[in-house]
Amino acid sequence: MGLFSFAKSIGKKLGIGDDDEELKVEALKKELDSHGLGTDKVQIEVVGNKAVLKGSVADQATLEKAIVAVGNTMGVESVETAVSVEAAADKAEKEPVFYTVKKGDNLWKIAEAHYGKGKGTKHDAIFEANKPMLTHPDKIYPGQVLRIPELDA
């Protein structure tokens with residue numbers, strides 16, 4: 001289980017009311033499902049500005065994408081997970097690596113910061129790891145949270 005922070009006032013606007021948690025759950029689940037990540041077994045609960053994900057997913061990448069998809073939604077301040085990973089031997093999630101975009105960032109700079117100088121060409125790995133939430137490598141914004149995948153050896 002983990003708790004991940006997001007910027008409440010930044011992200012995709014779903015038109016959800018501040019006080020109606022049932023509407024928030026519906027809107028967040030619809031948003032999550034719209035990405036076709038394979039999160040059919042994931043349920044969402046809303047407690048204040050926190051989204052709680054429960055259930056199971058096929059693999060670690062799907063879990064991380066689900067966290068980012070829900071967290072990068074306006075009105076969500078944090079995402080808590082109680083999700084098992086079916087492909088993991090112990091059915092537990094690994095600690096994902098996330099990065100919050102700052103003003104002036106681009107995927108090349110982020111790749112060099114995480115993977116090392118001269119590895120900016122690995123920006124494609126970050127873009128691919130955040131699809132379908134990212135539709136273009138240049139369309140990132142300050143406050144957005146991206147997942148940073150491990151590089152294959």
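Rule-based calculations on the coordinates, nothing more; no lab input. Because the structure is a prediction, the values reported are computed rather than measured. Because the Cβ atoms are built from the backbone with ideal geometry, glycine has one as well, and the counts that use them run over all protein chains shown.
So the values come out like this:
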| item | result |
| --- | --- |
| For the stretch 55-63, 3J(HN,Hα) per residue [Karplus equation, 6.51 cos²θ - 1.76 cosθ + 1.60, θ = phi - 60°, Hz, x = Gly/Pro] | x, 8, 9, 5, 8, 4, 4, 5, 4 |
| Kirkwood-based shape ratio for the stretch 98-147, expressed as Rg/Rh from alpha carbons | 0.92 |
| Amide hydrogen neighbours beyond the local backbone of THR73, cut-off 5 Å, H modeled | LYS12 |
| The chain: relative contact order as a whole-number percent, Cα under 8 Å and 6+ apart | 25 percent |
| Projected-area average for the chain over all orientations - Cα convex hull basis, square nanometres | 8.8 nm² |
| Net dipole in debye of the chain [+1 Lys, Arg Cβ; -1 Asp, Glu Cβ; about Cα centre; nearest 20] | 600 debye |
| Those chymotrypsin sites (Phe, Trp or Tyr not before Pro) in the stretch 49-138 that DSSP places in a loop and that have at most 16 other beta carbons within 10 Å | none |
| Pairs from LYS50/LYS139; LYS29/LYS103; LYS8/LYS30 whose Cα-Cα separation, in the structure shown, is over 22 Å | LYS50/LYS139; LYS29/LYS103 |
